[in-house]
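K.L.:
Have a look at the structure that comes next, please.
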Amino acid sequence: MNPAAQRPFLATLEQVVDGDRIRVDVTIGFVGEIHTGSAEGVADPQHRARVVGEATLRAIEHLSGDLAEFDLSAVATSDLGPVRVALAQVREAGWSDYLIGSSLVRDGDSATATAKAVLDAVNRRIARSV
């Protein structure tokens with residue numbers, strides 16, 4: 001089987017805004033199963049990316065059977081030449097290295113790009129550990 005096919009992938013991302021709060025539910029797929037993670041926080045653009053990243057990490061922890069614990073150190077979007085990219089910096093408990101991921105922002109959808117950047121940061125580690 002193709003090693004890339006054995007990595008977690010973003011299945012769905014749902015955002016529900018209620019006043020100044022947002023709830024994000026992320027579902028990832030991996031080896032024929034789905035895993036969901038949720039996070040809530042402030043709905044403004046400055047905090048929304050972090051909420052998306054946290055929900056993605058909760059889904060990944062669910063996938064690992066809660067054997068892995070991750071911390072979202074930083075998340076951002078940035079222009080890189082003619083494109084916009086989402087960037088994620090993640091740390092796994094017990095490891096000193098940072099895991100870095102990126103994803104292109106397509107059609108202005110920075111939330112999806114952020115979730116994919118988080119997955120990009122951790123997918124090789126997850127594929128080896130589960």
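K.L.:
Report, in degrees rounded to the nearest 10, the 0 to 90 angle that the Cα long axis of helix 110-129 makes with the longest principal axis of the chain.
P.N.:
10
K.L.:
Hey, got the Cα dimensions of the range 1-64 along the principal axes, in Å, largest first?
P.N.:
Largest to smallest, the principal-axis extents are 45, 17, 16 Å.
K.L.:
If r is the Cβ-Cβ distance from residue 107 to residue 16 and R0 is 25 Å, what FRET efficiency results, to the nearest 0.05? Show your work: numbers first, answer last.
P.N.:
Details: r = 21 Å, r/R0 = 0.82.
Given R0 = 25 Å and the Cβ-Cβ separation, E is 0.75.
K.L.:
Would you mind checking the tilt of helix 45-63 against the longest principal axis of the Cα atoms of the chain, expressed as 0 to 90 degrees and rounded to 10?
P.N.:
20
K.L.:
Then there's this: If you project the alpha carbons of the range 3-129 onto the principal axes, what extent comes out on each, in Å, largest first?
P.N.:
Sorted from largest, the Cα extents of the range 3-129 read 37, 35, 29 Å.
All of the numbers you see were taken from the coordinates with simple rules; none came from a lab. The structure displayed is predicted, hence computed values, not measured ones. Cβ atoms come from the backbone with ideal geometry, glycine included; neighbour counts cover every protein chain shown.
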